[in-house]
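Everything on this sheet refers to the single structure shown next.
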Amino acid sequence: MKINKFKIYVKLVFLGILVGCQEDNSLDPEWPPTGWGEVTVLRNGASWSKINTIGIKVKNQVTLASCNGFVSVQFLRYSKEGYLREILTFDGIAPDELRSHQILSRYKRYNEDYGNGSVYATYGTLEDDGDVSKSSFLFDESRPHFLVITHVDTTNHTISGNFSATFIKRPEFINDDPDTVRFVNGKFSTPITDKSRFL
């Protein structure tokens, strides 16, 4: 079944951020309260520019209590009008571990517990007001990938790291998004907040 611009509201699984959605995913000047972090990365060989990044420490999660205390690092690209257009997320990062993590597909292992040394990756594109899925991608575990946490500041609540990951567009999404999206040479440093805008 072909789906062209199939409209579905952004759900917990798609975003991989373990929090509910809201109707309008436009850029909020009052969030995050900590300010945004910094990231440099190549997306399909070109600089992925004007990206906001934030680390969210998940707490009080009822549906998946095993994720409590772990950090979700999100990379968000907004349009010039302020609407969310792309989101890349790594979930299940232990905030006190400086280490290299194996990356797994969130879609395949959504119900697995955190704390096994792995993190979970999701990526997708959005349209309209940022609340409609344009394309959903699957993490490609067969391609070279890594997430290395290089620094955690528990006093100032920041986290830094390097990453590389590849995603393949799900075949039911027929549009002008590339079939494969590869992120390489990723470096980030971001504050950590427990005040998610989606709660």
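Identify all residues within region 155-178 that are acidic (Asp, Glu) and surrounded by 14 or more Cβ atoms within 10 Å (Cβ to Cβ); write none if there are none.
Taking region 155-178 and keeping what is acidic (Asp, Glu), we get 172, 176-177.
Within region 155-178, ASP177 is the sole residue that qualifies.
Any chance you could count how many residues in region 113-122 are touching a Gly at 6+ places or on another chain (Cβ under 6 Å) and either more than 18 Å from GLY55 (Cα to Cα) or part of a strand (DSSP E or B) (or both)? First the steps, then the outcome.
Taking region 113-122 first, the residues touching a Gly at 6+ places or on another chain (Cβ under 6 Å) are 114, 119-120, 122.
Filter again for either more than 18 Å from GLY55 (Cα to Cα) or part of a strand (DSSP E or B) (or both), leaving 119-120, 122.
The qualifying residues number 3.
Is it the case, given these coordinates, that ASP153 is over 17 Å from the mean Cα position of the chain (by Cα) and modelled with pLDDT of 95 or more? So that I can check it myself, show each step before the final result.
Values: over 17 Å from the mean Cα position of the chain (by Cα): yes; modelled with pLDDT of 95 or more: no.
Spelling it out, it is not the case that ASP153 is over 17 Å from the mean Cα position of the chain (by Cα) and modelled with pLDDT of 95 or more.
The values are calculated or read from the model by the stated rules, or taken from the named source; none is laboratory data. Not measured: the values here are computed from a predicted model. Cβ sites come from the backbone with ideal geometry, for glycine too, and all protein chains shown count toward neighbours.
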